[in-house]
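Input: a single structure, listed below in structure tokens.
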Amino acid sequence: MTLKEKILFLKSKGCTQQTIHLKTGINQSSVSRILNSIQQSVQYEKGVALDTLVNELLNPNSEMKNQAVA
């Protein structure tokens with residue numbers, strides 16, 4: 001998935017640009033630029049945070065499984 005596809009997925013799940021900013025550290029303006037195909041990259045750490053957020057929504061039970069094992 002590209003950054004844009006990941007953000008579109010999050011938006012389809014009800015996340016706003018501000019929510020994405022708060023949970024990943026990607027500036028809201030950068031989220032907007034990505035959606036408008038102006039920006040195509042973010043800092044590595046922010047990309048990892050975006051991947052984590054997407055994975056949490058794709059696999060909502062995986063976090064609970066990990067907590068049960070711990």
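The values are calculated or read from the model by the stated rules, or taken from the named source; none is laboratory data. Quantities reported herein were computed from a predicted structural model and do not represent experimental measurements. Ideal geometry is used to build each Cβ from the backbone, glycine not excepted, and the neighbour counts take in all protein chains shown. Accessible surface areas use protein heavy atoms only, side chains included; no ligands, DNA or RNA. Shrake-Rupley method; radii C 1.70, N 1.55, O 1.52, S 1.80 Å.
Find all pairs meeting these conditions: Cβ atoms under 7 angstrom apart; at least six residues apart or on different chains; first residue within the stretch 36-47 and farther than 15 Å from residue 8 by Cα; second residue open to solvent by less than 100 Å² (accessible area, probe 1.4 Å).
From residues that are farther than 15 Å from residue 8 by Cα, the pairs are 42/3; 42/26; 42/30; 46/24; 46/25; 46/26.
Cβ-Cβ distance below 7 Å, separation of 6 or more or different chains: which pairs start in the stretch 1-26 with a residue that is modelled with pLDDT under 95 and part of a helix (DSSP H, G or I) and end on one that is of a type in the set (Gly, Ala, Ser) and open to solvent by less than 40 Å² (accessible area, probe 1.4 Å)?
none
Tell me, yes or no, whether the stretch 56-65 has at least one residue that is small (Gly, Ala, Ser), surrounded by fewer than 17 Cβ atoms within 10 Å (Cβ to Cβ) and at pLDDT below 95.
Scanning the stretch 56-65, I find at least one residue that is small (Gly, Ala, Ser), surrounded by fewer than 17 Cβ atoms within 10 Å (Cβ to Cβ) and at pLDDT below 95, so the answer is yes.
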